[in-house]
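Here is the structure we will look at, set down as structure tokens.
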Ligand SMILES: *Cc1c(COP(=O)(O)O)cnc(C)c1O
């Protein structure tokens, strides 16, 4: 875009001025509406989520055997939900901002198999594809005990097929590990920012890793191209996949059950605020969809992005979605936050969810490092930088009385509320790497 075009865009949509200046900012969505009014635009419904949930149940006996770390949960890949009261106090002190309500952490960072939120969508899409192939070949039917998938016959069958994906790291880990375990030939096209240890881990699992000098968008485009013209190769399209999205969405009903177990009430008088780190949008979008279906209008979802990669804020606030990239407005898309270094948002997710998301905000990498250090000290929980993006949300929401009023949220409701930070990754970060992250917090 030219200077003049950017200025015109900022005049129409002032928050984009903050983005251009790389200032930490928040955008509250003026178009947010009720679930009832917003749902028809998603194009998916409760039955789609139920279908995904049943599919994961069918695979559970197989997963429990293939990944012993899931045996305790009988093959269901789910993460802990924990209260973080000490971090709550730290945030209040550091920001000089009271946070009404209680602070919780959803530790997708510690999901089995691949240690990030991608263990939801990525694994689900591989399983869906495997089920389809095996069913079409007459080898599998929904009533079977899926533990038979670990047999040599199935491995030989899947080895005739290929799976390809473009990734900044974590999606590659999930899809690579899951596909290789089933027996597929799998290629992960990795962007320049992907960590060396993630590439090494994939290679250990027998995954082909192709490296690019460019960013995520290029890795995806190359992956897509490589898969074209090969009818036995399935390309997992992080930018547009409804299957991935549905894999993430199952988190909603699971979280609801976890809150019930912990005695946490979510209803009109006890609203829930959820803060989700956002890259291309599938993960946070799918989870938010599941949350909306589980909690209706009692849940408010906000997306968090690095100041250098605010693609969803840019796409939603301008209404241009995937027709604009952060590079178009002069932003470099360089961030230490793996998984969030995405310059152009998913067109599907932005459009599907634009009426159901309460807003987006940005934070810079240094803020993530500070939060990472504080969480380690306060709660002894270690995450990767991107997973801290959600942690900057509660103080923003609590500081904005005008927004609370607009949503008719009373002081009493805020006091009764639950703030849930979605910790999206970090469980598999090697100790030396983690030590470097911990060094980066300001003293
Ligand atoms: C991928 C990822 C996200 C965001 O998911 P998208 O689907 O790309 O929006 C957030 N955090 C981490 C750690 C991730 O790997």
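The values are calculated or read from the model by the stated rules, or taken from the named source; none is laboratory data. The model shown is predicted, which means the values in this text are computed figures rather than measured ones. Virtual Cβ from ideal backbone geometry, glycine too; neighbours counted across all protein chains shown.
Restricting the first residue to segment 69-94 and requiring it to be not assigned by TED's automatic domain parsing to the domain that holds residue 178, which pairs with a second residue that is surrounded by fewer than 16 Cβ atoms within 10 Å (Cβ to Cβ) and not in a helix (DSSP H, G or I) meet a Cβ separation below 6 Å and a spacing of at least six or different chains? Once the first residue is not assigned by TED's automatic domain parsing to the domain that holds residue 178 and sits in segment 69-94, its partners that are surrounded by fewer than 16 Cβ atoms within 10 Å (Cβ to Cβ) and not in a helix (DSSP H, G or I) give 92/98. Of the candidates 373, 359, 330, 350, the single residue that is within 12 Å of the ligand (Cβ to nearest atom) and either surrounded by 24 or more Cβ atoms within 10 Å (Cβ to Cβ) or assigned by TED's automatic domain parsing to the domain that holds residue 421 (or both) is 350.
The helices (runs of 4 or more DSSP H) located wholly in segment 197-266 that include 3 or more residues which are crowded, with 19+ Cβ neighbours inside 10 Å and within 16 Å of the ligand (Cβ to nearest atom) occupy 216-227, 242-249. Is it the case that residue 89 is under 19 Å from residue 244 (Cβ atoms) and touching a helix residue (DSSP H, G or I) at 6+ places or on another chain (Cβ under 8 Å)? Considered against the rule, which asks whether it is under 19 Å from residue 244 (Cβ atoms) and touching a helix residue (DSSP H, G or I) at 6+ places or on another chain (Cβ under 8 Å), residue 89 comes out as no. Every test in (1) more than 20 Å from residue 48 (Cα to Cα); (2) in contact (Cβ under 8 Å) with a residue 24 or more places away in the chain is passed by residue 283 save one, and that test is (1). Counting only helices (runs of 4 or more DSSP H) that sit completely within segment 378-443, those holding 3 or more residues that are modelled with pLDDT of 95 or more correspond to 393-399, 411-416, 431-439.
If we scan segment 109-117, do we find a residue that is in a helix (DSSP H, G or I), under 24 Å from the mean Cα position of the chain (by Cα), within 16 Å of the ligand (Cβ to nearest atom) and farther than 16 Å from residue 244 by Cα? Outline the logic, then answer.
As a first pass, look at segment 109-117 and keep what is in a helix (DSSP H, G or I): 109-110.
Going one step further and asking which of them are under 24 Å from the mean Cα position of the chain (by Cα), we end up with 109-110.
Next cut, within 16 Å of the ligand (Cβ to nearest atom) only: 109-110.
Next, from what is left, pick out any that are farther than 16 Å from residue 244 by Cα: 109-110.
Scanning segment 109-117, I find at least one residue that is in a helix (DSSP H, G or I), under 24 Å from the mean Cα position of the chain (by Cα), within 16 Å of the ligand (Cβ to nearest atom) and farther than 16 Å from residue 244 by Cα, so the answer is yes.
Given the condition in contact with a helix residue (DSSP H, G or I) (Cβ under 7 Å, 6 or more places away or on another chain), farther than 29 Å from residue 394 by Cα and loosely packed, with under 14 Cβ neighbours inside 10 Å, answer yes or no: does some residue in segment 37-44 qualify? Looking through segment 37-44, at least one residue is in contact with a helix residue (DSSP H, G or I) (Cβ under 7 Å, 6 or more places away or on another chain), farther than 29 Å from residue 394 by Cα and loosely packed, with under 14 Cβ neighbours inside 10 Å.
For segment 165-186, filtered to residues that are at pLDDT 95 or above and not in a helix (DSSP H, G or I), the residue that is nearest to the ligand (Cβ to nearest atom) is 186.
Do we find a residue being within 14 Å of residue 26 (Cα to Cα), away from the ligand (no atom under 11 Å from the Cβ) and in a loop (DSSP other than H, G, I, E, B) anywhere in segment 288-307? Walk me through it before giving the result.
So in segment 288-307, the residues within 14 Å of residue 26 (Cα to Cα) come out as 301-307.
With the extra rule that they be away from the ligand (no atom under 11 Å from the Cβ), the set shrinks to 301-302, 307.
Subset that is in a loop (DSSP other than H, G, I, E, B): 307.
Within segment 288-307 (the criterion being within 14 Å of residue 26 (Cα to Cα), away from the ligand (no atom under 11 Å from the Cβ) and in a loop (DSSP other than H, G, I, E, B)), the answer is yes, since at least one residue qualifies.
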